[in-house]
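Please treat every number below as a calculation from the coordinates, not as lab data. Predicted model only: the values in this text are computed from it and were never measured. All Cβ positions, glycine included, derive from the backbone under ideal geometry; neighbour counts span all protein chains shown.
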Amino acid sequence: METFKILNPGLLTTVQDLGRYGFQRYGVSASGVMDNFSAKVANKLVGNNENDAVLETTLKGIELEFLKDTVFAITGGDCQSTLNGKNIDLWKSYKATKGDILKMGICKSGLRNYLAFSGGIDVPLIMNSRSTNLKAKVGGYLGRKLMGGDVLKVFSNDNSSTLEFNRNLIPSYQKTLEIKVILGQQSDEFTDEGIKTFFNETYTISQESDRMGIRLASDSGATIKHKISADIISDGITFGAIQVPGSGQPIIMMADRQTTGGYTKIGNVISNDLSKLAQATPGTKIKFINYNLNDAINEIKNTENIINNPNSYIQELNSSENFIKKFYKIKLNGKIFDLSLERIE
């Protein structure tokens, strides 16, 4: 059954899941959400699997009308949102009823929002993904960004409970970032001075940045020097790979990256920091930090634990039983304890 109608699509709104993996060898971009953390939490808040399809908005959110009762949640950038004219919180799920109007504003901080609906958005599964590839016009809703008048469905789901993500765990989006990088790929193609420049410079995100890649310019104008040339025989591109073309200014490859590239790659942004970059606006300052693989793996484990830990969420149980159970973490004498609080009336 049709679930919601787009009244105003915002600047760029697409259907995305965690990506179309396993097909880069055939020239098919992975696509998928830019900010995995926000998208996964949005799905958790409405009782979905973390890979269910969501809406990804950019800078300016959408306006939609609910055509049936459903549970929804918005995560990501600080974007004022209302349901029937009343302010609602992000990182929290709500029950909407038929005829309700949801309006999202412009991000005050951060760049992207994720809107999840209980059951997940019902669009065709193409190469194991429901993500939109805009350049190839494949996946998502008719292979394109959403437009006013579009009507979408979600899969059936009997979830009726609402959750709130622990406020202490919500990321803040800064205008100055430290981004951790693991040297690799073709780092030996750069001079020692070039490597030093890469880690010592402050870079600014260019206006010429999008879902495909984030272009950077060093504040001092210094360039990263190659030993011989910026060109290599084309090889595979990963999410977060940092290419350095002949200009000596780095480009971070993002969700809609091409499958292969012929520029040297100095290293790769660790997975945990890709969500920071996904929310970074043009003008944001970046400093790169030399990092190691083991610590990067531990960061991934810690983040996944936060997403999947029930204690990360405050749960409001069925109101017919008229009680609320909440989960907290408390610190006492330097030790962290898990606490559950239940009120029965």
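Here are a few things to note about the model shown:
- For the chain, the longest principal axis of the alpha carbon atoms and the long axis of helix 293-308 meet at an angle near 10°.
- For the stretch 176-300: rounded, prolate or oblate by the Cα gyration tensor [a/c cutoff 1.5]: rounded
- The angle separating the long axis of helix 36-45 from the principal Cα axis of greatest extent in the chain is about 10 degrees.
- Separation of alpha-carbon centers, the stretch 124-170 and the stretch 219-287, rounded to whole Å: 28
- In this structure, Lys68 and Leu12 have a Cβ-Cβ separation that, at R0 = 25 Å, corresponds to a calculated FRET efficiency of about 0.45.
- Among Lys196, Lys287, Lys40: highest mean-square fluctuation, GNM of the chain, C-alpha pairs under 10 Å: Lys196
- Extension gain, Lys225 to Thr97: 0.36 nm times the residue separation minus the Cα-Cα distance gives 40.2 nm.
- Cα centroid separation, the stretch 6-25 to the stretch 172-189 (Å): 25
- The stretch between Arg144 and Gln315 holds 58.0 nm of extra length on full extension. This uses 0.36 nm per residue minus the Cα-Cα distance.
- Dipole size of the chain about its Cα centre, with +1 on Lys/Arg Cβ and -1 on Asp/Glu Cβ: approximately 320 debye, rounded to the nearest 20.
- In this label model, Leu125 and Ser156 are separated by 1.7 nm, measuring between points 7 Å along each Cα→Cβ vector.
- Proximal lysines relative to Lys225, as straight alpha-carbon distance under 20 Å, when same-chain residues fewer than 8 apart are discounted: Lys196, Lys265, Lys287
- For the stretch 102-160, the gyration tensor built on C-alpha atoms gives an oblate shape. Its axis ratio a/c (a ≥ b ≥ c) is at least 1.5, and a/b is not larger than b/c.
- Helix-only mean residue ellipticity at 222 nm for the chain, each DSSP H run of n ≥ 4 adding -39500 (n - 2.57), per residue, nearest 500: -3500 deg cm²/dmol
- Prolate/oblate/rounded call for the stretch 29-161, Cα gyration tensor, a/c under 1.5 rounded: rounded
- Max mean-square fluctuation residue, GNM over the chain, Cα-Cα springs under 10 Å, options Ile121, Ile286, Ile232: Ile232
- Farthest toward positive dipole pole in the chain [+1 Lys/Arg, -1 Asp/Glu at C-beta], among Ala42, Thr303, Ile270: Ala42
- Among Gly77, Gly221, Gly143: highest mean-square fluctuation, GNM of the chain, C-alpha pairs under 10 Å: Gly221
- Sequence-distant contacts, meaning Cα pairs under 8 Å at least 6 residues apart, place the relative contact order of the stretch 1-148 at 32 percent.
- Residues within the reach of a label modelled at Ile232 (point 7 angstrom out along Cα to beta-carbon, backbone nitrogen below 20 Å), restricted to the stretch 266-280, are 266-271.
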